[in-house]
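Every number here is computed from the coordinates shown, using simple stated rules; none is lab data. Note that the coordinates shown come from a computational prediction; the quantities given were computed from them, not determined experimentally. For neighbour counting, all protein chains shown are included, and Cβ atoms are generated from backbone atoms with ideal geometry for every residue, glycine included.
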Amino acid sequence: MPHSDAAPESDTAPEIGAVPEIGAAPAAGAAPAATTSEGLRSVANAAAFRTVARLAASGMQAATLVLIARETNVGQFGQLMITFSVVMACGIFFGFGAQGRALRAAGEPNTESLLRSMWIGQAAVVATILVVASGVVGFRHLGLATWTGVLFGVSDLLNNYAQPHLSSMRRHRAATVIVVAQRAIPLVAVLYCAVTSTNVYPPLIFAFIVTALIGLLSVLPIGGHFVNPLRGSLHYWTYTLTWMFQHVESPAVGATAGRDAAGIYAIAARVAGPITLFSAAISQVVIPELARRCGSPEFDHLFRKFWRATLVLSFLVAAASWPIAELIVFIAGQQYQSARVLIFAMVAAAAITLSSQALNAKLIAQGFAKQVTRCISAGGFLSIALLVLLGLTKNTNLLAVAPLTAQTVVFLMLRSVNRRVGDGSSMPLAEKVTT
């Protein structure tokens, strides 16, 4: 993180209820908050477009994964998804909180310089991962399924950073385009393979290279000076580390229940996963705007609208859990009949996650990344432990207990923290950030 002549920065997160050190006035270099009526309309419009884009992208991602599963066997699909998970986990670990910090950057001083520096760091991390992974895959001759998983992960790392980066700069249209392109291009590739009955891997590899370049070039830094993006990022790093749990789950299942079970769990997780991206997409618009509004009545007004929308969406997804499971099994084919109950549980857990993400967004905007990390970590460790233990039974249906239990625990903990924190209308940013 950058430095200044102001008081030194502390990586210690505030205790709940503590008086923060920094006021709500807009930071120098940060985009100013718009007037109440125009600002809320602008946020609503950006969130609406992002939600529609995410709806389309989620459907395209689900279709892509189902078609890949159909065009390959369970073992190959499991290998692809395990590789993808490992690459994503490495990117999140060595990214030092870039994705989470980018969302909050709108409320920090010298926003553009901070984002520029984080982009440089993120690009260097992903490039290193690609080089190392390519060496391992090439040396061990692991095949095209593994190559595809590597490039899938590289593409998602770059695009997943580009979206919050652009959102903090209020370049919502560009971020929305990336959301769609990230999923549309691989879908076109896999549809081509399904129609022509050709090998699915070469076109997918090319598609992921194209989407990776889009994510990389969309946020090319054009101004600002370099600052240290690591200072002040400790709690955002630990927060983003919690995202690794979802990428560790499939390998954990594979270690105890076998590769086929890992493939079944992966398709259930990846089909249900896009559902939570609805709320995540809106969060990418809302979190920077909430950060700008900390300490003003607009904060609570904006959050209440977001909270109500996620509750409605959670109810709709929960009601559709079983029909969605039936549809996915029908499309994926008879080899995934045993995944029906697990898909149902994953979709139902995703409904709970939608509401959790709204509470998560509020806490992150207020600067309570440390408290959010505790809640998500509790659920993540519980999920991994249950998957390992239940995987020993070799009963795929029993794995359904893990996501439902873990997501319920996370929601209840986040709800408790939010009640103790209170609203954001009179609370400035919770962590002191200087440049």
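For this structure, a couple of remarks:
- Take the Cα of Phe93, step 7 Å toward its Cβ, do the same at Asn397, and the gap between the two points is 3.7 nm.
- Separation in nanometres of the label points that stand 7 Å from Cα toward Cβ, at Val195 and Leu142: 3.2 nm
- Extension gain for the segment Ile209 to Arg420, taken as residue separation times 0.36 nm less the Cα-Cα distance, is 71.4 nm to one decimal.
- Near Thr396, once Lys and Arg are set to +1 and Asp and Glu to -1 for all other residues with Cβ below 11 Å from its Cβ, the sum equals +1.
- Local charge for Val347 was computed over the other residues whose Cβ lies under 13 Å away, with Lys and Arg +1 and Asp and Glu -1, and equals +1.
- Dividing the mean sequence gap of close Cα pairs (under 8 Å, 6+ apart) by how many residues region 44-421 holds gives a relative contact order of 24 percent.
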